[in-house]
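Report on one structure; see the data block that follows.
The values are calculated or read from the model by the stated rules, or taken from the named source; none is laboratory data. Keep in mind that what you see is a predicted model, and the values were worked out from it rather than measured. Glycine also receives a Cβ, built like all others from the backbone with ideal geometry; neighbour counts cover every protein chain displayed.
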Amino acid sequence: MADKEKKTIKTIKIDVDKCNGCRACEVICSAFHAAPKYSSNNPARSRIRILRDPHRDLYVPVYAGEYTVAECAGRDKYTIDGKEYDECSFCRASCPSREEFKEPDSGLPLKCDMCEGEEEPLCVKWCLVDALQIEEREEEVPEDEVQEEQEDLDIGLESLADKFGVEKIMDALARMKEQD
Ligand code: SF4
Ligand code: SF4
């Protein structure tokens, strides 16, 4: 039987108690995503934000997640180990109710991409107190996900064939193979 397809799941573990609010993670993230790379740094452009309240000893690293068009009607407020966190403190959404996770000039949503192309996420590397730690594990890709990918591929190929004809596509593929 053929081996099942596997995918790598990366998880960044956040230890809120270890974070001292130095913001090194914000600096390196915004520099890495500057255009050209490392040409500037502006924490407002970072895909990780530290919610800081030194008076209450609160430092919460939060990663930019999905964009959402509308803010939530109901909100959560957590108290952990006697510390009360503000509404939305742990939320990763780029949402109309707040400034976090938006490109300051364009207002476009920002999302963590795990520093695509880098061996290790740079925020993890730059966090000297290990408040951020990366974990990786392999998981089998569920059958329906594989099937969905195959269907997407079929649809894509079909529309290319309609547009250019099968022969031209085959020629292009042969040329690409030669270049490998
Ligand atoms: S680099 Fe680490 S300690 Fe500094 S703010 Fe970021 S998560 Fe916190
Ligand atoms: S993993 Fe990379 S992209 Fe994501 S927040 Fe950290 S530095 Fe930014």
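Cys112 falls short on exactly one of the conditions (1) outside the structural domain of Ile48 (by TED's automatic domain parsing); (2) within 15 Å of ligand 1 (Cβ to nearest atom), and that condition is (1). Residue pairs whose Cβ atoms lie under 7 Å apart, sitting 6 or more positions apart in sequence or on different chains, and linking a residue in region 15-29 that is in the same structural domain as Arg45 (by TED's automatic domain parsing) and surrounded by 18 or more Cβ atoms within 10 Å (Cβ to Cβ) to a partner that is of a type in the set (S, T, N, Q) and at pLDDT 95 or above, are Glu26/Ser46; Cys29/Ser46.
Residues in region 34-58 that are out of contact with any Ser or Thr (no Cβ under 6 Å at 6 or more places or on another chain), surrounded by 15 or more Cβ atoms within 10 Å (Cβ to Cβ) and among the hydrophobic types (A, V, I, L, M, F, W, C): Ala44, Ile48, Ile50, Leu58.
Residue pairs whose Cβ atoms lie under 7 Å apart, sitting 6 or more positions apart in sequence or on different chains, and linking a residue in region 99-128 that is without any contact (Cβ under 8 Å) to a residue 60 or more places away in the chain to a partner that is among the hydroxyl-bearing types (Ser, Thr, Tyr), are Phe101/Ser94; Lys102/Ser94; Pro109/Tyr67; Pro109/Ser94.
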